[in-house]
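In what follows, a structure is listed as structure tokens, so that the remarks can point back to it.
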Amino acid sequence: MITCVPFTYRYMPSSRYLKHLVDEGYLGQPYHLHMRYYAGFARDPETYLWRFERKIAGSGALADIGSHFLHVAEWLYGEIEAVSAQLSAMVKRPPNPQGQSYEQADDSAMVMLRFKNGAQGLVHASAIAYERTYEDKGYGFDQVHEWDLHGSNGTLRQVIDWDFRQCITGDRVGDGPERTLTVPDRFWGDARRERVIETWEDVFRKQGFLVGEFVRAVANGQTMVPNFGDGARMQQLLDAAIESAETGCWVNTESLK
């Protein structure tokens, strides 16, 4: 069966260039990474959101947005062998549409990572951060993505704020101060570069990443990535994070296979 799972953030031009730099050895030996997904769609305590009713959603910010960055973390640094998580439901939410109270799912999740290659990581996914970004055209993302990667040879940082910033900076040992690393044209193609949402629209609707790749895979009888296997892997990491939050212990992801 040919399948596809929409882990979209790996397809942005700056993300693909960042992956290229990591694979080419810009960092040297990976030491650690810190990834922050700060969104504000769950800040309103008066609005019911099914995503935060645990019986329905399973988990909140961890699964909804954290899963995307857990996928990217493995894409960049390789297999995660163990996790330690703290999940919090900080905003008191109203009853559901049936007027019933319910167990709230997390609106903020912090997950520490131990990679098989020895590197460390931290993913923080929050749905209650105050981030004022792109709002016209009805999108209202109000979110920012920040990735910091460190290794034996230097540092890479990426910021995508869903407004105008989608940039990478780097600092290598012996190269002088941190500087902006211009994303080469080959990673942009014909995608618009001024506003992040316009880049996103062109990457998926014009250039044919993800959905277009899936259609071609079906037509040619080929597999593609990310697929259901990658989705199952993320569910394994989510289950490990939930178990860790409940027990207060590190959880080896291999133990859940």
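The values are calculated or read from the model by the stated rules, or taken from the named source; none is laboratory data. In this text the structure is predicted, and so the values were computed from the model without any measurement. When we count neighbours, we look across all protein chains shown, and the Cβ atoms used for this are built from the backbone with ideal geometry, even at glycine.
Considering (1) surrounded by 19 or more Cβ atoms within 10 Å (Cβ to Cβ); (2) modelled with pLDDT of 95 or more; (3) among the small types (Gly, Ala, Ser); (4) closer than 20 Å to residue 143 by Cα, the lone condition that residue 40 does not fulfil carries the number (2).
Would you check if residue 196 is within 24 Å of residue 34 (Cβ to Cβ), of a type outside the set (Ser, Thr, Tyr) and touching a helix residue (DSSP H, G or I) at 6+ places or on another chain (Cβ under 6 Å)? It is false that residue 196 is within 24 Å of residue 34 (Cβ to Cβ), of a type outside the set (Ser, Thr, Tyr) and touching a helix residue (DSSP H, G or I) at 6+ places or on another chain (Cβ under 6 Å). For segment 154-206, a tally of residues being surrounded by fewer than 16 Cβ atoms within 10 Å (Cβ to Cβ) and among the polar types (S, T, N, Q) returns 3.
So residue 47 fits all but one of (1) crowded, with 18+ Cβ neighbours inside 10 Å; (2) modelled with pLDDT under 95; what number is the exception? Unmet condition: (1). Screening segment 142-257 for helices (runs of 4 or more DSSP H) wholly inside it with 2 or more residues that are closer than 22 Å to residue 115 by Cβ and small (Gly, Ala, Ser) returns the ranges 228-247.
Looking only at segment 139-190, which residues are aromatic (Phe, Trp, Tyr) and under 20 Å from residue 123 (Cα atoms)? Can you show your working first?
Filtering segment 139-190 down to residues aromatic (Phe, Trp, Tyr) leaves 139, 141, 147, 162, 164, 187-188.
If the condition is that a residue be aromatic (Phe, Trp, Tyr) and under 20 Å from residue 123 (Cα atoms), then 141, 147, 162 are the ones that fit.
Residue check: is residue 152 at pLDDT 95 or above, small (Gly, Ala, Ser) and within 16 Å of the chain's Cα centre (by Cα)? In short, no.
If you go through segment 11-30, how many residues are touching a residue at least 24 places away in the same chain (Cβ under 8 Å) and surrounded by fewer than 16 Cβ atoms within 10 Å (Cβ to Cβ)?
Just the residues of segment 11-30 that are touching a residue at least 24 places away in the same chain (Cβ under 8 Å), to begin with: 11-22, 25-30.
Now drop any that are not surrounded by fewer than 16 Cβ atoms within 10 Å (Cβ to Cβ), which leaves 19-20, 25, 28-29.
Within segment 11-30, residues that are touching a residue at least 24 places away in the same chain (Cβ under 8 Å) and surrounded by fewer than 16 Cβ atoms within 10 Å (Cβ to Cβ) number 5.
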